[in-house]
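Values quoted throughout were computed directly from the atomic coordinates according to the rules given, and no laboratory measurement underlies them. Values in this document were obtained by computation on a predicted structure and should not be read as measured data. We place every Cβ from the backbone using ideal geometry, glycine too, and count neighbours over all the protein chains shown.
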Amino acid sequence: MPVNVLIIGAGIGGLALAQGLRRAGVPAIVYERDRGPADRPQGYRLHLNPTGVQALRECLAPDVFEVFQAACGRPARTMTFYTETLRRLLTVEVSVTGHRSVGRDTFRGALLTGLEGSIRFGKTCTGYRRDPDGTVTALFADGTTATGDVLVAADGTGSVIRRQYLPHAERLDTGMRTIAGRLPLTTRVRALLPGSLSTGPVTITAPGGMGMFLALQEFQRSAADDFVSWGLGARATTTGELSGLSGERLRALVAELTAGWHTDLRALVHQTDTAAVTATAIRSSVPVPAWTPGPVTLLGDAIHAMTPARGIGANTALRDAALLARLLAAVARGERPLLEAVGEYEALMTEYGFAAVRASLAELKRQTALDGRAALALTRAALRLMDAVPPLKRRVFADLGE
Ligand SMILES: Cc1cc2nc3c(=O)[nH]c(=O)nc-3n(C[C@H](O)[C@H](O)[C@H](O)COP(=O)(O)OP(=O)(O)OC[C@H]3O[C@@H](n4cnc5c(N)ncnc54)[C@H](O)[C@@H]3O)c2cc1C
C-alpha cells in the first residue's frame, strides 16, 4: 500500500525518521518552522549511546552515516567530578565502544544530507484535521495545508500536535533551570580548563544545589571548530525567572551565582560570547495511558520529553525513528495494515519511552535532592570513597550513558 508520510519538525527524531523512510523508499516530507538549517543555535553537545548509534545506523544510508561519523568529536573516556573550587572528587572510566559525542549543529547538518528535496522550511504547523477518507491534513500558519496517510509529530517538547491529539498529556516543571554557553577552544581558553576535561566531561558539585557540566567537542579531522561548552544547573527559586532574559543578563546571572567558585571557571563564563548563552527550563512529560491508534502518531520529545539528567532524550528519539521507519516500510510493502503498524509502534515506544522519562526524572531528583551543606559534604565524601574503591565505583556507574 503506498503510504505518504508527513513529519512535523526537522529535529533529531524527525530527520532520522525521514532518513529511514528515504532509505526504505517511502515518500515523506518534513515541515519545519525554522526558516533554514542555520536559523537559530541548536544548542551544544550531545552524547549518543550504543542504542542511539545503532538506530542511526539503521536509519542512515551508509554514505550518510559516514557524514555523521565525520561530524562526531573524540569520544569521552572518563567522567570526572570536582568541587566548585576545582578539587577533584572522583574519576570514572567510561566505555567508548559504540558511543559518540556530536555537536548539535553539525549533527543536524549531517542528518539533512540528501533530504534537500524533502524538507519545507518556514512551515509552522498549527494543528491537523482528520479527513473522511482516512487521510490526515496538516495545517500551517501561512494558510497552506498538506495531506498524507500518516502524520508524525516530531515537533519537540512544546508539540502542537500532541496538545490537539492527546490534550491530557501533561508536562511537569521540575523546577530546575540550565544556563549554557559555548566558547571556541583557543589556547587561552584551554588554559582555564581542568586537566581531566581533555579525556571526558566534568561535573562540578557546588553549594546551594547548583552544579556545572563542562565538555569538550574536539573533532577528529580538524581542530578549527573545536569548542568547550558549559551548563550551569540550578533551581528556579535560585535563578528567578529566565524566560526573555538576554544572553548578557544570563551571563551576568551565572557570574553572580558562581561568585565563590574557582577563578578559572569564572573566567570561562566571563569569556563566553553573550550571543552563545541560552537558558532552558527542565520539564518532564507525565506518562499517559495507551490510546487507540490512528493516522496521527508522535515521536521523541513530542511524546516523552525527559530531563537531561541521564543524557538519553535524543537517543530515545532516534530509537523511535528507527522503529517507526521499519514499521512504515512494512506497511508500504503491503505486509502490515497502517493502523496495526502504528499501534505496534506506540505500544513499544510508550513502554521504553516512558521508562526513560521515569529514569531521567529519578536521576534529576537524586542529583538535586541534597542541597544543604551537610548533604553536599556527605555526597562529596561518597564520591571520594568511590574513587578510592574501584569495584564500588564500577558497580555504581555500571549503566553510565545508557
Ligand atoms: C541541556 C540538555 C542536554 C541534553 N543532552 C542530551 C544528550 O547528551 N544526549 C541525549 O540523548 N539527549 C540529550 N538531551 C535531550 C535531547 O536534546 C532531546 O531529547 C532531543 O533533542 C529530542 O529530539 P526531537 O527530535 O524529539 O525534538 P527536537 O530536537 O526538539 O526537534 C523538534 C523540531 O520541531 C520543530 N518544531 C517545533 N514546533 C513546530 C511547529 N509547530 N511546526 C513545525 N516545526 C516545529 C523545532 O523547530 C525543532 O526543529 C539534552 C537536552 C537538554 C535540554
Legend entry - Ranked TRP291, TRP230, criterion: other C-beta atoms within 10 Å, fewest first: TRP291, TRP230
Inset, instruction - Return, for the Cα atoms of segment 10-63, the radius of gyration and Dmax in Å, separated by a comma. - result: 12.6, 32
Legend entry - Given charges at beta-carbon only (K, R positive; D, E negative), |dipole| of segment 206-326 in Debye: 380 debye
Inset, instruction - Taking the dipole about the Cα centre of the chain, with the C-beta of Lys and Arg at +1 and of Asp and Glu at -1, give me whichever of PRO194, VAL160, ILE119 is farthest to the positive side. - result: PRO194
Inset, instruction - Work out the length of the dipole vector of segment 1-133 about its Cα centre, built from +1 on the beta-carbon of each Lys and Arg and -1 on the beta-carbon of each Asp and Glu, and round it to the nearest 20 debye. - result: 320 debye
Inset, instruction - Once you have the Cα-Cα distance between LYS365 and THR137, take 0.36 nm times their residue separation minus that, and quote the gain in nm to one decimal. - result: 78.0 nm
Inset, instruction - May I ask you to sort LEU299, LEU242 by Cβ crowding, counting other Cβ atoms within 10 Å and putting the fewest first? - result: LEU242, LEU299
Inset, instruction - Starting from the Cα of ALA382, step 7 Å along the direction of its Cβ; do the same at ALA355; then give the gap between the two resulting points in nm. - result: 2.4 nm
Legend entry - Cβ-defined net charge surrounding LEU46, 9 Å radius [Lys, Arg +1; Asp, Glu -1]: +3
Inset, instruction - Could you tell me which helices of the chain pass both thresholds, a Cα extent of 27 Å or more along their own axis and a mean Kyte-Doolittle hydropathy of at least -0.5, with helices taken as whole DSSP H runs? - result: 313-332, 338-368
Inset, instruction - Positive end of the charge dipole of segment 205-320 (Lys, Arg +1 and Asp, Glu -1 on Cβ, about the Cα centre): tell me which of ALA314, SER285, ALA275 has its Cα farthest that way. - result: SER285
Inset, instruction - Starting from the Cα of TRP291, step 7 Å toward the Cβ, then list every residue of segment 107-137 with an amide N under 12 Å from that point. - result: 128
Inset, instruction - Report the label-to-label distance for ARG129 and GLU116 in nanometres (one decimal), using points 7 Å from each Cα along the Cα→Cβ vector. - result: 3.4 nm
Legend entry - At R0 = 41 Å, FRET efficiency that the Cβ-Cβ distance of ARG235 and GLU335 yields, to 0.05: 0.20
Legend entry - Neighbour-count order for ILE303, ILE119, fewest beta carbons within 10 angstrom listed first: ILE119, ILE303
Legend entry - Value at 222 nm in deg cm²/dmol, rounded to 500, when DSSP H runs of n ≥ 4 in the chain each add -39,500 (n - 2.57): -11500 deg cm²/dmol
Inset, instruction - Run through the DSSP bridge list for the chain and note the antiparallel percent, rounded to the nearest 5. - result: 75 percent
Legend entry - Percent RCO, i.e. relative contact order, over the chain, from Cα pairs under 8 Å lying at least 6 residues apart: 23 percent
Inset, instruction - Take the Cα radius of gyration of the chain and divide it by 2.2 N^0.38 Å, with N its residue count; two decimals is plenty. - result: 1.01
Inset, instruction - Assuming R0 = 35 Å, can you tell me the calculated FRET efficiency for the pair ALA375 and THR78, based on Cβ-Cβ distance, to the nearest 0.05? - result: 0.85
Inset, instruction - Determine the dipole magnitude for the chain: charges of +1 sit on the beta-carbon of Lys and Arg, -1 on that of Asp and Glu, nothing else is charged, the reference point is the Cα centre, and the result goes in debye to the nearest 20. - result: 1080 debye
Legend entry - Which of TYR345, HIS47, THR144, positive extreme of dipole for the chain (C-beta unit charges): HIS47
Legend entry - Shape category assigned to segment 143-188 from the gyration tensor of Cα positions, a/c cut at 1.5: oblate
Inset, instruction - In whole angstrom, note down how far apart the Cα centers of segment 342-361 and segment 219-290 are. - result: 29 Å
